[in-house]
Amino acid sequence: MAKESKVAVVGGGIVGLVAALHLCEEPGVVVTLYDPAPGLGATHAAAGMLAPTAELRPAEAAGYQLQLRAIPAWRETLKLLALPESTLHESGTLYVGWDASDRRLLEQFETVAKQHDAQVSRVDRVHDEELFAGIHQNIVSGLFLPGDSWLDPDLVVETLVSTLKGKGVDIRYELVNSCSAEGVLTSDKSASQYDAVLLATGSAQLTDKFPAVVSAVRPVRGITVHVDSHHHAPGPMVRAFVRGRDFYAVNRGEGKFVIGASSEERSELGIEVGELERLLRDAAEVLPFLETAVIGELRRGLRPTSESNDPFLERVRDTKVIYSSGHSRHGVTLAPVTASETVELVKDIIHEN
Ligand SMILES: Cc1cc2nc3c(=O)[nH]c(=O)nc-3n(C[C@H](O)[C@H](O)[C@H](O)COP(=O)(O)OP(=O)(O)OC[C@H]3O[C@@H](n4cnc5c(N)ncnc54)[C@H](O)[C@@H]3O)c2cc1C
């Protein structure tokens, strides 16, 4: 790429920001990023788990191998951000069941995990006391998934924005109103022409703003609750089946926990009292110290979810436009993997010019 190529990234969630970082590593590529509020879409609500094994579901097994690539890809991305390796917390996940039927669900999960050669081992309170610190005493056994990790999305987003600015990326805090097949973007303030455009707009509906995109996304709401507790011991991420429901708690250290649930098929941003009450009750039953924890923040976001539940990265036919979305529950995990593939597609478009 000898001559300068102008690339626009529309959307500064984790997918757009990481793609912008990788794009500006390419010689001759000049990146402009548009977002009225970078990092405040679904990314703001994310718990930051990079947990391919805990997230393994029979119907989504194809994505598992892709997610396994995410952890090494994040290590490389953290280097580009000059963040220490310890930003990636390799805590693993402890997965437990609350009652007998929940333990059967856990056994089914173990069967699926083993079918995919996932690293899973049976653990119990007697031999693995540290893993069970803070867990209700009636829960005496579970599964440990050592490959799962987490990072703090707030820290990563903040560092991404400052690193991009440092690398000369023009961040425009503007909403893009339309995008033509020729790569002309229009915002309230101006219109600009680009050699390639990446749409990384999360769950936003694009049909009236952009050239015919093939894939569509539906918004799937999720919530996370940030709490401060007196339980300061480091520990694994905890997942549990409780009366058939599923919740997770990420131990961020110094008593801070992020609690969430991984499956909610709804698009309304409003949070029902009953939903929140069930999540917190499930969490406090499995982790009794949460009973006295103090709620810091309640975050909510719309996961961009495709019909197949898989992420997509497509070049919109006969245009200079790439559309990247559908990362659903795995956008933080997959952002660097998607970014590498995005760079290759952008290079193809640039070489055609
Ligand atoms: C509660 C919850 C917990 C989650 N936990 C995890 C987790 O632990 N691990 C994990 O891997 N994933 C998790 N996810 C999923 C993850 O957050 C998403 O997959 C990811 O954030 C999607 O990133 P994105 O960049 O595609 O979308 P977003 O983060 O929504 O970003 C899209 C951006 O595009 C901008 N935008 C939209 N339209 C325009 C326009 N016209 N012009 C300019 N800008 C525009 C928006 O302002 C927004 O900033 C979670 C999600 C939720 C809701």
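Bear in mind these aren't lab numbers, they're just calculated from the coordinates by the rules spelled out. Note that the coordinates shown come from a computational prediction; the quantities given were computed from them, not determined experimentally. Because the Cβ atoms are built from the backbone with ideal geometry, glycine has one as well, and the counts that use them run over all protein chains shown.
Worth pointing out:
- Size descriptor, Kirkwood hydrodynamic radius, that averages inverse alpha-carbon separations across the range 154-244, Å: 17.7 Å
- Under the Karplus curve 6.51 cos²θ - 1.76 cosθ + 1.60, θ = phi - 60°, whole-Hz ³J(HN,Hα) for the range 314-323, x wherever Gly or Pro sits: 10, 8, 6, 3, 6, 9, 9, 10, 10, 10
- Rounded FRET efficiency, nearest 0.05, which uses the C-beta distance separating Ile271 from Glu26 and R0 of 45 Å: 0.60
- Karplus-derived HN-Hα couplings along the range 83-92 (A = 6.51, B = -1.76, C = 1.60, θ = phi - 60°), whole Hz, x at Gly and Pro: 9, x, 4, 5, 4, 8, 8, 8, 7, x
- Of the three principal axes defined by the Cα atoms of the chain, the extents in descending order read 64, 37, 36 Å.
- Whole-number D in µm²/s for the range 235-339 (Stokes-Einstein; Kirkwood sum over Cα pairs; 10 °C, 1.306 mPa s): 98 µm²/s
- Compared with the alpha-carbon gap, the fully stretched path from His136 to Glu4 is longer by 41.6 nm at 0.36 nm per residue.
- With a simple spin-label model that places each label point 7 Å from the Cα along the Cα-to-Cβ direction, the separation between Gln115 and His127 comes to 2.6 nm.
- Count, lysine Cα pairs under 23 Å in the chain, 8 or more residues apart or across chains: 20
- Check: the chain dipole with +1 on Lys, Arg Cβ and -1 on Asp, Glu Cβ, in debye: 300 debye
- For the range 223-266, the spread of Cα positions along the three principal axes, ordered from largest to smallest, is 32, 18, 13 Å.
- Based on Cα contacts under 8 Å between residues 6+ apart, the range 1-141 shows a relative contact order of 17 percent.
- Stretched out straight at 0.36 nm per residue, the stretch from Ala233 to Glu107 would grow longer than its current Cα-Cα span by 42.6 nm.
- Principal-axis tilt of helix 70-80 within the chain, Cα atoms, nearest 10 degrees: 60 degrees
- Full-stretch length increase - Thr292, Glu314 - with 0.36 nm per residue and alpha-carbon distance subtracted: 3.2 nm
- Nearest 10 degrees, 0 to 90: helix 331-352 Cα axis against the chain principal axis: 20 degrees
- Per-pair calculated FRET efficiency, R0 = 25 Å: Asn353 and Glu60 via Cβ, rounded to 0.05: 0.10
- Tilt relative to the chain, helix 153-166 - C-alpha long axis, 0 to 90 degrees, to 10: 20 degrees
- Globularity ratio of the range 43-91, using Cα Rg and 2.2 N^0.38 Å: 1.27
- Taking Val157, Val220, Val184 as the candidate residues, the one with maximal mean-square fluctuation in a Gaussian network model of the chain, Cα springs under 10 Å, is Val184.
- Comparing Val29, Val112, Ala283 along the charge dipole axis of the chain, the residue lying farthest to the positive side is Val29, per the Cβ-charge model.
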